[in-house]
Every structure is written in structure tokens, then in C-alpha cells.
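Heads up, the thing below is written out as C-alpha cells.
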Amino acid sequence: MKAIIRVILSLSIIIGIGGCSSMEDIYEEYIVYGGHIYPQKPTDPRGYSGDKRVVLKWKKGVDSSITKAVVSWDDGRQKREFDIVGNSDNVELVVDNLEERDYSFVINTYDADGNKSVPVEVNSRAYGDVYKSSLYNRTINIAYIDVDKLVVEWNEADLTSNITKTEFRYINKENEETKIVVDAQSNEALVLNDYKMGTEFSFQSFFVPDTTCVDVFEAVAEISKPLTIIDRSDWTITASSYEPTGQTGYGGANPERVLDGVIENTANAGLVPTYWHSRHSGSDVPGYPHWLAVNMKKKVNIRRVVLQCRNDANCRSGYSFSNFTIQGSNDGENWVDLETYDIYSRTDVVPQYYAVDTKENFSYFKIVMNKSYDNSPYAHLAELSILGEERE
């Protein structure tokens, strides 16, 4: 019987010791060691990077005696003191005017009697001028006037730079500044029907360097104007062949017709139909390829070739080229292939824009028509122009 009593007493002592240990874990921060009181340390502390600053946040906890916090770094050589007031469940401190670099902060909380908590460490980073100098705007592939609207085509954004958006600003027809936000992951072109012709536009990209950053950084805004049609008044043009007397009924369909700025209209409208047409009279009618070659008399960085079909049924139902190649030259004899397209539309009588991706400048360009719709031997074109930049 005595043995049983001793076993029961032993088990009670063990359980009691275990229970005391659990209670001590709960109130560990408030235990008095040698008469010293430790206020509650920051709970779940986090550091958020920023522009020459770091924001420190933690849960306030249940210790209402805490009145301030001291944040130190650089092995305690730098420190800031912050009052902690109010009934908020969360504490937020801003450590500003920091150099641009990584930081390891040590946080201690204090009560009104000066008792200090166990320290906690938080790592973060402050960004600054070095980071800002590395930021560049998302680039525009081309911005140009398409008849009566502004078209802006973007190059793909470098998402590794943590770009978030680009703001595009322009003046509308009501003379008001208008802002459009372009998401970094969108590659859709802007087509602005309300753009005021002749005015400048600007664009500026924004960045968030990491997922904890509380600030948004921006590149320096850039100002530009859209490309317009290159002046054609000094151009001269030749063709592989042309119809000298027939077709238009007004002196033939020579190559100069594509530079006169007039699109064919019906005879009933009283306007002269004007377009170039390959020769189709006589016994020796030439077939494909056909070509038109232009001497621009100046260096041009060609960005778009603009073609416009004749405005009648022959454009929309046949007798037109389909596949064509754009070539460049600086002497009119040695030609470089720039682009080839298989999509010239015979159903669209508005200007059609074909991209040219080259950094070279040329004083000549040529449109080589390689084949036709419906196996026709003929080719024709109403207007031919260039979007680009004149160079010295």
C-alpha cells in the first residue's frame, strides 16, 4: 500500500513540474530574473524597403506597459528612438534618411521605467540614387500618324527590371492633357483617335524593386513626337514597266502617279483616276516580278513603308500583287533585302503600313512585287510613301 502511495506522489510531482514549465513558456517575457523586468519583444517583426528609408512593422501584443522602441544598426553605432502610443494592434516605424544599402536592424521595446525587452533583428534594404539611375523607360518601337490618329507600338517590357506600368500622356483635340496607363505585361498598341496633331507626347515607366517595397520609383520622363510621312517633293521614281497610254485614260499609268497624293476616284466624280500600272498593252506584256524604285535624294531611316491600293473593283477582286519585298540601297544599283511580306491586302483601300526593322539609313528604296493574286501578270499601286526619320 505504501508503495502505491509513493508512485502516486511521484507522478503528481512530475505532472506539476510539466505544468509549471508550460506556464513559464507562456509568460517567459515577463519573468523576473534577479528582479529585472523584460517588456514584451516585437512579435512577427518585418522590414519593408523604400526610397532612402525602411519601414518596420510588428504586432504590438498584450503588454500595455510599452512606451517606446529603439532601433539600432551598424553594431549599435546608429540608432533612432520612437514613441509608441495609441491602442493600435500594430506598430509601424519609419527609419528615413538612410544611405542606399542593406541593413540589419535591432529593435528593443521599453516601458516607462526604462526596462528593455529582449532584442529582435530585422533585415531590409534602402534604395536610392544608384538604383534610380538604373531605371529606363519602356521603349516605343514606333509612334506614327495613321491618317488622322496616333498609333504607338511598344517594344516588349523588360519584366526582370520589376517594371509595373508606363504612363503615356498626350494632348487631345480639346487641348487637354490625357493620361493612359499601359500595364507592363501588355503589348497592345495604343490607337488614339483624339490626339491633337502636331503636339508632343511623353511617357514614363514605374518600378517596384522588390515585393516588400513601400515606394514606387519612376524613370525620367521622355518627350517625343510621332513620325510623319517623309516629304516626297524631291523624289524621283522608276519602274520595271508601266502602261504609257491606256488604263487611266489621262496619259497613262506611269510610276510618278504613286507620288502625286491623289487616290483614284470614279470617273463620274469628275476626278482624275491616278495610279501606276504595269504595262499591259502590246504583244510582249511583262509578268512578275514587277518593281518600283525611288531615289529619295537624302538619307532616311525607314520605319514603315506605306502602300495604298487603287480605289476600284480591280483592287478588290484581282489583278494585284500579293507577296512583295522591300529593299534599300545607297547607290541605286546594289540592293539589300529589308523585309518580305505576303499580306498586301487587295480589299483595303486605306493606307497599309509595313514595318521595316533596320538601323541603317538609305537614300533609295525599292518595292519588288514577287507574285500576284489569281495568277495575274499585272501589278498596280495608287500611292507609295515612307514613315521614318531623315538623317544627315
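A compact table of results
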| quantity | calculated |
| --- | --- |
| Segment Val130-Lys57, extension gain: residue separation times 0.36 nm, minus the distance between their alpha carbons | 23.7 nm |
| Accessible area expressed per residue, the range 158-221, with surrounding protein chains retained (probe 1.4 Å, Å²) | 56 Å² |
| Violating pairs (Cα-Cα greater than 25 angstrom) within the set Lys57/Lys79; Lys41/Lys132; Lys59/Lys79; Lys179/Lys298; Lys60/Lys132; Lys79/Lys116 | Lys41/Lys132; Lys179/Lys298; Lys60/Lys132 |
| Length added when fully stretched, Lys371-Ser186, from 0.36 nm per residue minus Cα-Cα | 63.0 nm |
| FRET efficiency for Thr160 and Ser104, using Cβ-Cβ distance with R0 set to 35 Å, rounded to 0.05 | 0.85 |
| Heavy atoms of Glu177: accessible area, 1.4 Å probe, square angstrom to 10 | 120 Å² |
| Å² per residue, accessible surface of the range 95-142 at 1.4 Å | 52 Å² |
| Neighbourhood net charge (12 Å Cβ-Cβ; Lys/Arg +1, Asp/Glu -1) for Asp234 | +1 |
| Aspartates and glutamates with Cα under 16 Å of Lys68, excluding same-chain neighbours fewer than 8 positions away | Glu81, Asp83, Asp89, Glu92, Asp111, Asp113 |
| Listed residues Lys52, Lys366 arranged by accessible area, highest first, probe 1.4 Å | Lys52, Lys366 |
| Probe 1.4 Å - accessible area at His280, Å² to nearest ten | 60 Å² |
| Rounded FRET efficiency, nearest 0.05, which uses the C-beta distance separating Asn295 from Asp357 and R0 of 25 Å | 0.65 |
| Accessible-area composition of the range 196-237, carbon plus sulfur, in percent [1.4 Å probe] | 51 percent |
| Hits among aspartates and glutamates - C-alpha to C-alpha of Lys371 under 18 Å, sequence gap 8 or more where chains match | Asp337, Glu339, Asp342 |
| For Thr67, net neighbour charge (Lys/Arg +1, Asp/Glu -1) across residues whose Cβ lies under 13 Å away | -2 |
| Around Tyr364: net Lys/Arg minus Asp/Glu count, Cβ-Cβ under 11 Å | +2 |
| Cross-link partners of Lys299 among lysines (Cα-Cα below 17 Å; sequence separation of 8 or more within a chain) | Lys359, Lys366 |
| Whole-Å distance, taken between Cα centres, linking the range 167-183 and the range 40-54 | 38 Å |
| Residues Glu389 and Lys79, FRET efficiency given R0 of 41 Å [Cβ-Cβ distance, rounded to 0.05] | 0.10 |
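The values are calculated or read from the model by the stated rules, or taken from the named source; none is laboratory data. Keep in mind it's a predicted model, so treat the numbers as computed, not measured. Note: ideal-geometry Cβ built from the backbone for every residue, glycine included; neighbour counts use all protein chains shown. Only protein heavy atoms, including side chains, enter the accessible area calculation; ligands, DNA and RNA are left aside. Shrake-Rupley method; radii C 1.70, N 1.55, O 1.52, S 1.80 Å.
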